[in-house]
1. State the number of residues belonging to region A:75-95 that are within 14 Å of another protein chain (Cβ to nearest Cβ) and either part of a loop (DSSP other than H, G, I, E, B) or over 31 Å from the mean Cα position of the chain (by Cα) (or both).
2. Which residues, counting only those in region A:320-365, are touching a strand residue (DSSP E or B) at 6+ places or on another chain (Cβ under 7 Å) and either farther than 30 Å from A:LYS135 by Cβ or not assigned by the TED database to the domain that holds A:ASP130 (or both)?
3. Which of (1) away from chain B (no Cβ under 14 Å); (2) of a type in the set (Gly, Ala, Ser); (3) not in a loop (DSSP other than H, G, I, E, B) does A:SER120 not meet, given it meets every other one?
4. Evaluate the following for A:VAL383: is it buried (at least 17 other Cβ atoms within 10 Å of the Cβ), within 14 Å of chain B (Cβ to nearest Cβ) and under 30 Å from A:TYR267 (Cβ atoms)?
5. On the basis of being touching a strand residue (DSSP E or B) at 6+ places or on another chain (Cβ under 6 Å), among the aromatic types (Phe, Trp, Tyr) and crowded, with 23+ Cβ neighbours inside 10 Å, does A:TYR290 make the cut?
6. Please verify whether A:LYS400 is over 25 Å from B:VAL77 (Cβ atoms) and surrounded by fewer than 18 Cβ atoms within 10 Å (Cβ to Cβ), treating the condition exactly as stated.
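The values are calculated or read from the model by the stated rules, or taken from the named source; none is laboratory data. Note that the structure is predicted; figures quoted are calculated from it, not measured. Note that each Cβ is placed from the backbone with ideal geometry, even for glycine, and that neighbours are counted across all protein chains shown.
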Amino acid sequence: MSLITISDTSLMRFAQLTRSVAAVSSRRLFATSAARATSQTSVNRMASVQQQQQQQQQQLQTDESKANEGHISFKNAYRDDSKFGKRPIYLDMQATTPVDPRVLDKMLPFFTGLYGNPHSSTHAYGWETDKEIEKARKNVADVINADPREIIFTSGATECNNTALKGVARFYGKRKPHIITTQTEHKCVLDSCRHLQDEGFEVTYLPVDTDGLIDLELLEKSIRKDTCLVSVMAVNNEIGVEQPIEEIGRICRKHKVFFHTDCAQAYGKIPIDVNKMNIDLMSISSHKVYGPMGIGALYVRRRPRVRLEPLINGGGQERGLRSGTLAPPLVCGFGEAARLVREEYDADHEHIVKLSNKLSDSLLSIPYTQFNGSKEHHFPGCVNISFSYVEGESLLMALKDVALSSGSACTSASLEPSYVLHALGADDALAHSSIRFGIGRFTTEAEIDYVINAIKERVQFLRDLSPLYEMVQQGIDLSTIQWAGH
Amino acid sequence: MPASRQQVLRLYRNVLRASHEFEYYNFREYFLRKARRDFRAFKGEDNTEAYNDGLKQLGILRRQSMISQMYPFDKLVVERLDERHHEIGAALDASTSHN
């Protein structure tokens, strides 16, 4: 095997675990074998093949798989699983939220009778839909204390971010070709910036400290005479850190630079006032606030006026900034969702804080765990915790009964570690072992209790498999180990 | 005209029943929690507006719980398969003893 300077016992165990697989990176190897051990189907499939081949060994084989089952089954310890359902608990509220039934109730009439085109101004079908759209627009604007005329409906926060960044940059770019953003932004902001760089714009990516917050002095120093836009997200999607939006807004206003903020995760969840916070442009998403997917809104300030070059040209709907027929069911669903987040704000907030505290307190009581991001400037509905000596992906595999994510949904297909945690100064191992818990309006206390229990058990299980963890227990400093080349 | 105590109780019972009809665990638990919370705050002098709003909410809950039943999913891992409507009675008892 490829490890040296490890105690004999752990080497033996490690070799037993990884019998058939050739030399791969030892960490990755350990992770995959642990995940495989939890997969019931592979054990069963193996058993059935051997059953056909060797009838005599049948009894032996089932005995072995039974023994395996006893070893890797987590649930039976404290309850009878046959009396419970099978569908996983949903704890990934940063990716998306379920549509509130009250929102669906608002949307359904648009699929049954209210089918007029809201832009048809010549007949009653158009008028009635248009009236509903304007009501929704007001509801969306009220959450952030904006004027309804400042709300532009788009297809979602990604389109908002693209419109805001590219629109402002292209309109003012001839005189002001400089943009400031941060390293922890969402991918769609970073990617838009990359495209603008290709077009000849200059982009400054501000670093963040270990808490995930940007340095306001550095921001002020970075603003130049030719800066046209500052874009900072209000609540981070991976670690839930709240940036000091009000201070950033003040600095931007002082230097007469437009301030865009990506509020997909913040809208309706933390108090936002566009006038008090001097926000010029703001991206909002509907499906993060229990509304339907496929709709979002861009706030564009009217006074002092922010001018944009539209991405989509056409019939001149939405003040000419986003042409195309609006989708009344989605818009009105979004409006209802916005009304509900305002109405239920106190109750939801209280509920989320209670569950979030319970979850983070219990999980941080496990040894070698770490809370990622600032604890004070933090949205409680997003808890990001690292479990050292456990591979995040293998923990997710072991947690089939809980829907969780190790980071943004956009990057969860790739196994690369989170760039947000990297920006915070976390090393690869820590970034790999982090898990994000999203708590929302519909999360219950029973679910949180279940998740705490499940995580505690399975972190312990995976660590018991890990030779690294055993070495840590023996007091060996992992950084002093010399690894043989593979 | 403010709603009578009896009317409020009947509304409460109906809201609890409709909330219970939700097939989907998280919605069911949420609306039950919300009902308990809202009806605790129902004691004001003039509750006409709250009562009328409650009637509207009841309509929404009845429609949506029915839709929820039309598209059922597996039960969640925290849900007992043999769960019954045991909570309505208990909740009502609790509310009447409070008043």
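1. 12
2. Passing the criteria: A:SER356, A:LEU359, A:SER360, A:LEU363, A:LEU364.
3. (3)
4. No; evaluated as a whole, the condition is false for this residue.
5. So A:TYR290 does not fit the description; no.
6. In short, no.
Yes or no, residue by residue, for (1) basic (Lys, Arg); (2) assigned to a helix (DSSP H, G or I); (3) within 14 Å of another protein chain (Cβ to nearest Cβ):
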| site | (1), (2), (3) |
| --- | --- |
| A:THR97 | no, no, yes |
| A:LEU114 | no, no, no |
| A:ILE133 | no, yes, no |
| A:ARG137 | yes, yes, no |
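Residue-wise test of (1) in the same structural domain as A:GLN243 (by the TED database); (2) closer than 22 Å to A:MET277 by Cβ; (3) in contact with a strand residue (DSSP E or B) (Cβ under 8 Å, 6 or more places away or on another chain).
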position: A:GLU150; (1), (2), (3): yes, yes, yes
position: A:ASN162; (1), (2), (3): yes, no, no
position: A:VAL168; (1), (2), (3): yes, yes, yes
position: A:TYR172; (1), (2), (3): yes, yes, yes
position: A:PRO177; (1), (2), (3): yes, no, yes
position: A:THR182; (1), (2), (3): yes, yes, yes
position: A:SER192; (1), (2), (3): yes, no, no
position: A:LEU196; (1), (2), (3): yes, no, yes
position: A:GLY200; (1), (2), (3): yes, no, no
